[in-house]
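Student: Take this structure first; my questions come after.
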Amino acid sequence: MTLKLTNTLTRRVEEFQPIEPGKVSIYCCGVTVYDLCHLGHARSYIAWDVLRRYLIWSGYAVTFVQNYTDIDDKILNRAAEEGSSMEAVSERNIDAFVADMARLNILPADRMPRATRSLDAIRALISELEAKGAAYSADGDVYFAVMKHAGYGKLSGRDLEQQQDNAAGRVASEEEARKLHPFDFALWKGTKPGEASFPSPWGAGRPGWHIECSAMVREELGDTIDIHLGGADLVFPHHENEIAQSEAATGKELAHYWLHNGMVNVGGQKMSKSLGNFTTIRALLDSGVSPMTLRLFTLQAHYRKPLDFTAEALEAAATGWKGLNAALGLAGETATASTELPPALAASRERFAATMDDDLNTSAALAVLFELAKPLRALANRIERGDDAARAEATTAELASQASLLQELAGVLGLQHEQDATAGGLSDAEIEAQIEARKAAKAAKDFPAADGIREALKAQGIELIDKPGGITEWLRS
RNA sequence: GGCGGCAUGGCCAAGUGGUAAGGCAGAGGAUUGCAAAUCCUUUACCCCCAGUUCGAAUCUGGGUGCCGCCUCCA
């Protein structure tokens, strides 16, 4: 059983073979920290978190590096708008990023380099490219010469000749005029008045976006890495350029496997800042959608496919998560599982691994989880409602093993039990008092009053469950 | 225009040659003063056309529709 991944570079599903047995080096393109992360980022980073967790679960020692792009026009613009500095904007959004990722139970990267702290490596790489004739400077800018690099376009399938024809009509701006080929891109941009800049052999300025990643990958993980990750929208030009820069400098392949995740769509269109159709991670979570619901929502689709974000689909995920969560809650209460896995459970575990090996088929993997969860959920709900027989059933070794396996596999997907949100400001005593009042109303056959109390509590997130024998229990939902 | 991808029940979605996983919604039943919640049961021939094959959602060819990239973007 080996992991197979869709490699954008070859456009094929390939068996994963690490450079060094048992070890995996991964570089994941991070965010440009000019604003809060939205659901597109969430989807991407959840997918890669699952890849990472699965590799670890499979026994690999994983080194995961994710960068912050903290030098960028958008950050500068934002700083100018609010009258602060590039550093202030970056710092604030990095803090937000860390917090948002933590809420989604995304493992922090092993190392998170920043462009501003990698300037030496960036300048060194540009110099190296210049020395090799792959770069040229023009009026304080330094460009990469795509025509000098055989293989440019191999990731995205571009054809330089063809594109030149197409671009012929749109060479308008000054910058375009300076380039030898329309696809040439800036490695270093000369400073403009009033902008943050850094010294360099080519004059004060700042690095281009693509070179930042090339430099950070090399500095953190070496010339060749196992896996490079990113959103499908980065294939061209970002990753294509990254490959060109790195491979022109080192003469070695930059990454063996290139994985790209599909976009999050809203009404059939890509969620993005520029279209203004985005929902930030924190806005969604703060609106009451649980982090695990969001995780489940994204993992129900294959990572490469577009994912349409709709209220209805999210609602479905929330209800689905409720069931899984109930089953996971039981895992903490059962007896210690025996180390021997019963045959049926061992088969489930194998099936889970087989689906994940198949290019991270989380949708199919979730089916295994739901099947494992089904009896546990039923039991958990019976216990919740005070069924003592159910409590006894939960202590069997068989169920303990099942609960334990569910917990383990859910963990591979980063799904973990969530405590019921403590919504509403009512204390337990206040709730009990309301229940007593409703009981009295019912006894007096004043059902409208009884229903009124129930509705009022429901509005505050308190759900009443009437049980046989006139007993009423409640849950915070 | 170029490159890449997708089209499966009311919604989401797996399945890549042997008669359609899973989740949500819906329906029926149990329970209830009525509900809610919960539990049990249950619901599809896979965009269209042609072809290959004993057999195709799955392969080939042709359509149609949709999306992404080609400018910053996860």
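The values are calculated or read from the model by the stated rules, or taken from the named source; none is laboratory data. Since this is a predicted model, take the numbers as computed values, not measurements. All Cβ positions, glycine included, derive from the backbone under ideal geometry; neighbour counts span all protein chains shown. The accessibility values were calculated without ligands, DNA or RNA, using every heavy atom of the protein model including side chains. Shrake-Rupley method; radii C 1.70, N 1.55, O 1.52, S 1.80 Å.
Student: Scanning for something assigned to a helix (DSSP H, G or I) and closer than 22 Å to A:E418 by Cβ, does the stretch A:345-359 turn up at least one residue?
Tutor: Yes, that holds for at least one residue.
To keep it simple, each residue is scored yes or no on (1) more than 29 Å from A:L464 (Cα to Cα); (2) acidic (D, E); (3) not assigned by TED's automatic domain parsing to the domain that holds A:I56.
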| site | (1), (2), (3) |
| --- | --- |
| A:N361 | yes, no, yes |
| A:L366 | yes, no, yes |
| A:A380 | no, no, yes |
| A:E384 | no, yes, yes |
| A:A390 | no, no, yes |
| A:S401 | yes, no, yes |
| A:Q407 | no, no, yes |
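Student: In the stretch A:252-301, what residues are open to solvent by less than 30 Å² (accessible area, probe 1.4 Å), aliphatic (A, V, I, L, M) and in contact with a Lys or Arg (Cβ under 8 Å, 6 or more places away or on another chain)?
Tutor: A:V264, A:I281, A:L285
Student: Consider A:N166 against the criteria (1) polar (S, T, N, Q); (2) at pLDDT below 90; (3) within 26 Å of A:V24 (Cα to Cα): it satisfies all of them except one. Which criterion is unmet?
Tutor: Checking A:N166 against (1) polar (S, T, N, Q); (2) at pLDDT below 90; (3) within 26 Å of A:V24 (Cα to Cα), the one that fails is (3).
Student: Cβ-Cβ below 8 Å, separation at least six or inter-chain, first residue in the stretch A:142-163 and assigned by TED's automatic domain parsing to the domain that holds A:E176, second among the polar types (S, T, N, Q): which pairs?
Tutor: Partner pairs satisfying both residue conditions: A:Y143/A:S137; A:F144/A:N241; A:F144/A:Q245; A:L155/A:T8.
Student: Right, another one. Does A:E393 satisfy being under 25 Å from A:Y54 (Cα atoms), among the charged types (D, E, K, R), open to solvent by 30 Å² or more (accessible area, probe 1.4 Å) and modelled with pLDDT under 95?
Tutor: Taking the combined requirement at face value, the residue does not satisfy it.
Student: May I pose another question? Inspect the stretch A:53-75 for any residue being open to solvent by less than 30 Å² (accessible area, probe 1.4 Å), in a helix (DSSP H, G or I) and among the aromatic types (F, W, Y) and give the result as yes or no.
Tutor: Scanning the stretch A:53-75 turns up at least one residue that is open to solvent by less than 30 Å² (accessible area, probe 1.4 Å), in a helix (DSSP H, G or I) and among the aromatic types (F, W, Y).
Student: Test A:V13 against the criterion of being of a type in the set (V, I, T) and at pLDDT below 95, and give yes or no.
Tutor: It is true that A:V13 is of a type in the set (V, I, T) and at pLDDT below 95.
For (1) more than 30 Å from A:G222 (Cβ to Cβ); (2) out of contact with any Asp or Glu (no Cβ under 6 Å at 6 or more places or on another chain), each residue gets a yes or a no:
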| residue | (1), (2) |
| --- | --- |
| A:M86 | no, yes |
| A:S127 | no, yes |
| A:Y143 | no, no |
| A:E161 | yes, yes |
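Student: Look at A:R43 and say whether it is outside any loop (DSSP other than H, G, I, E, B), away from RNA strand B (no atom under 15 Å from the Cβ) and under 16 Å from the mean Cα position of the chain (by Cα).
Tutor: No.
Student: Can I ask one more? Would you check which residues across the stretch A:76-87 are aliphatic (A, V, I, L, M) and buried (at least 19 other Cβ atoms within 10 Å of the Cβ) and list them?
Tutor: Within the stretch A:76-87, the subset aliphatic (A, V, I, L, M) is A:76, A:79-80, A:86.
If the condition is that a residue be aliphatic (A, V, I, L, M) and buried (at least 19 other Cβ atoms within 10 Å of the Cβ), then A:L76, A:A79, A:M86 are the ones that fit.
Student: Right, something else. Can you tell me which residue among A:L294, A:L299 is more than 8 Å from RNA strand B (Cβ to nearest atom), at pLDDT 95 or above and touching a Ser or Thr at 6+ places or on another chain (Cβ under 9 Å)?
Tutor: Among A:L294, A:L299, only A:L299 is more than 8 Å from RNA strand B (Cβ to nearest atom), at pLDDT 95 or above and touching a Ser or Thr at 6+ places or on another chain (Cβ under 9 Å).
Student: Quick check: anything in the stretch A:108-119 aliphatic (A, V, I, L, M) and over 16 Å from the mean Cα position of the chain (by Cα)?
Tutor: Looking through the stretch A:108-119, at least one residue is aliphatic (A, V, I, L, M) and over 16 Å from the mean Cα position of the chain (by Cα).
Student: Here's another thing I want to ask about it. If I ask for residues that are among the hydrophobic types (A, V, I, L, M, F, W, C) and near RNA strand B (Cβ under 8 Å from one of its atoms), which ones from the stretch A:445-460 would you list? Please lay out each step first, then the result.
Tutor: As a first pass, look at the stretch A:445-460 and keep what is among the hydrophobic types (A, V, I, L, M, F, W, C): A:447, A:449-450, A:453, A:456-457, A:459.
Within the stretch A:445-460, A:F447, A:A450 meet the criteria.
Student: Which ones in the stretch A:379-397 are within 16 Å of RNA strand B (Cβ to nearest atom) and not in a loop (DSSP other than H, G, I, E, B)?
Tutor: Within the stretch A:379-397, A:L379, A:A380, A:N381, A:R382, A:I383, A:E384, A:D388, A:A389, A:A390, A:R391, A:E393 qualify.
Student: Can you confirm whether the stretch A:215-227 contains a residue that is touching a Lys or Arg at 6+ places or on another chain (Cβ under 9 Å) and modelled with pLDDT under 95?
Tutor: no
Student: Tell me, which residue of the stretch A:88-135 that is closer than 15 Å to A:S214 by Cβ and polar (S, T, N, Q) is least open to solvent (accessible area, probe 1.4 Å)?
Tutor: Among those residues, the one meeting the criterion is A:S118.
Student: Restricting the search to the stretch A:46-78, which residues are touching a strand residue (DSSP E or B) at 6+ places or on another chain (Cβ under 8 Å), of a type in the set (A, V, I, L, M) and farther than 24 Å from A:F297 by Cα?
Tutor: Matches in the stretch A:46-78: A:A61, A:V62, A:V65, A:I71, A:I75.
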